[in-house]
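Every number in this text was worked out from the coordinates using simple rules, so none of it is lab data. The shown structure was predicted, so the numbers you read here are calculated from the model rather than taken from an experiment. Don't worry about glycine lacking a Cβ; one is built from the backbone with ideal geometry, like all the others, and counts go over all protein chains shown.
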Amino acid sequence: MASERTTLPPDVLHLLCDELSARNDFSSLYNCLVSSRQIAASGAINALYRISHECFGRANPEGEPVEDAPAAEARQITQKNSILWRTIIMSALGQTSYPYYKHLRVLDLRDLSNMLQDDTFRSAQMYDYFFSGPLAPFMITVKATRSKQLVDQLKIKDTVAAIGDVIVDQAHLLEALTEHAIETVFSMRLQRWLPKLQNLRRLDVGDGRVLADESLRSLIHKHCLNFSELRIFSFADDAADTHLAALIGGLPENTIVLFENISDCKINTLTCSALNKHGKSLRTLSLALMDDGLLALAKLSDCTRLTTFAIDWLRQTPGLYTSKKDACEEIAEWLKGCNTLSDVTLKNISFAPELLSPLLRGSQASLTSLTLTATESALYDIRSQSEFHNLLGQQRELNELILAANADDASFEDRAVMLTALCNLKSLRKLRVTRLADDFVGADLQELTDHLTNLEDLYIGGIGYTDDNLQSLGKLPRLRNLVVAGLSRFTADGLLDFVLNLGDGNHGLSLQIDLADFDYAIRDEQQVLISETLAARVAGVFRYALSRDPNIPEYDSSDSD
């Protein structure tokens, strides 16, 4: 008697596909799709193309390709990406059996631009296949000289714009558009596309000058009633603050959820005042500011429901905190009221402790991620910051801390308070300390590893680290990334013992020794053995660099006394 086959009902399959989509599990969705026509028709295709922009994680927020993958893997990723893009374009042209474009939610033209510029993609086989058949008209070229020969060079902007035309005309459920920071296309096409994008929620704009057009801003106000997220890479216009304020202020109040600019966009009081009208909805605010533009933060008094807040002070005004102390304290008082903040980043602000202390002092503050970094001239000084460090040590939910500070001439007490604060953060999974750890010694690192047993990612400076420290580091059961940027004296045997004691929780460990003491250098063949052992043990990667080039003498005989 043949066994009966039981199939799951369509609604269960839809839930399964939605869950895989929420996890950005592209591979599992694809396997579900090709394994069963029923699963494909019960949400797998929809879910797969809904997250197609997330499938390979190829670009960072600035639009630059991620280069971490090995060459063979990078080629495979690029090939998969080109096939995915070709399939989407073909479907918009009516050349596929299924209208995949219908399920697109994000049209990531930034990613498309990156792919078209990728040297791997430009290899003859991949390039020629992509632009074959129905896609041949999209190969828009111009004659250019290369190696003294006249060749056809792809016009990236025109190609991306033409592809965007086809997809936007068909994909009526699109919620987000992105463009490359350099190969910008919105100035060529956004006027034409906006009336068709009734569901648009998000724009990632490479060149903000497109927003200076009043008629374009009016199209957003008229047609994009769900618009709530805006990211801008740059806005090189002296009136940028006015134009951004007009766009944001022209939207219904309390609709903007996210606003971010990456580089100088001339943001000042007008933009911040406009954002303040969205105080009940704004959750993520990330600003790159210049000069006294930092003081415009005082205009955000109603934006107290933020969960993510980031400031990069691109060009600092020396002595601003002293000369404008009242305004700075007003900003600190506003931050104090942001009790829902969980992720805070302050870059290049030497008075960051003064801004954050009132927030940390509040009983409701519960940060999960904090980043305080700066160039050398803008580092905060740990001297006389004991209160701030004590408050920092009370953030017991903190799982990510990136901290740069000046510890030069700091007292023993100042250093001890800082180290104690770090050791109190027992939930930390990621810790990166630079400059302030320059004088850390083996005992300090030992104390950190004894207390912070949940660490997965550690970047640490210091001096005189030895094999004893490797033993304590080896006891971190979840460590996946370790960078020792301080002067170290690890031996080959010590490193091998460290590697051999790693467990399953250390799978994929990246071990990087940046400043190995020249007098304790391990031989090349020993480095190879450590690298091979780490790869075999936990599929890890080993990098090793000496504190100075062995081919350059430490002292030049030509130097005068």
Margin query: Report, to one decimal in Å, the Kirkwood hydrodynamic radius for region 195-305 based on all distinct Cα pairs.
Written below: 13.7
Next item on the list: Could you work out how far apart the two model spin labels at LYS196 and ASN254 are, taking each label as a point 7 Å from the Cα in the direction of the beta carbon, and quote it in nm?
Entry: 3.5
Item checked: Residue-span extension gain [ALA239 to LEU546] - 0.36 nm each, minus C-alpha spacing -> 105.5 nm
Note to self: Given an 8 Å cut-off on Cα distances and at least 6 residues of separation, report the relative contact order of the chain as a percent.
What the structure shows: 5
Next item on the list: Could you give the C-alpha radius of gyration of the chain expressed as a fraction of 2.2 N^0.38 Å, taking N as the number of residues it contains?
Entry: 1.11
Notebook entry, point to check: Just the Cα atoms of region 420-501: what Rg and Dmax do they give in Å?
Noted result: 11.7, 33
Next item on the list: Out of all DSSP beta bridges with both ends in the chain, state the antiparallel percent to the nearest 5.
Entry: 10
Checklist line | Zone of SER366's modelled label, taken as backbone nitrogen in region 271-310 under 18 Å from a point 7 Å along Cα→Cβ | finding: 305-309
Check: How do SER411, SER547 line up, fewest other C-beta atoms within 10 Å first?
Finding: SER411, SER547
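Order by neighbour count: ASP524, ASP207, fewest other Cβ atoms within 10 Å first, most last. Mind dumping the intermediate values first?
On the way: ASP524 9, ASP207 21.
Fewest to most other Cβ atoms nearby, the residues stand as ASP524, ASP207.
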Note to self: Based only on Cα atoms, what mean projected area does the convex hull of region 310-414 have, in nm²?
What the structure shows: 6.6
Margin query: What FRET efficiency comes out for SER411 versus SER472 if R0 is 25 angstrom and r is the Cβ-Cβ distance? Round to the nearest 0.05.
Written below: 0.40
Note to self: Starting from the 7 Å offset along Cα-to-Cβ, what nm value, one decimal, do you get for the label separation of SER97 and ARG537?
What the structure shows: 5.1
Notebook entry, point to check: What FRET efficiency, computed as 1/(1 + (r/R0)^6) with R0 = 25 Å and r the Cβ-Cβ distance, is obtained for ASP213 and THR307, rounded to the nearest 0.05?
Noted result: 0.20
Note to self: List the trypsin sites (Lys or Arg not before Pro) within region 123-232 that DSSP assigns to loop and that have no more than 10 neighbouring Cβ atoms inside 10 Å.
What the structure shows: LYS148
Margin query: Which entries of LYS222/LYS277; LYS196/LYS299; LYS277/LYS347; LYS157/LYS196; LYS336/LYS426 have Cα-Cα distances beyond 28 Å here?
Written below: LYS196/LYS299
Item checked: Förster radius 22 Å - calculated FRET efficiency between GLN446 and LEU500 (Cβ-Cβ, nearest 0.05) -> 0.60
Margin query: No solvent, one uniform scatterer per C-alpha: report log10 I(q)/I(0) for region 437-550 via the Debye equation at q = 0.16, 0.19, 0.20 1/Å, two decimals.
Written below: -0.65, -0.95, -1.06
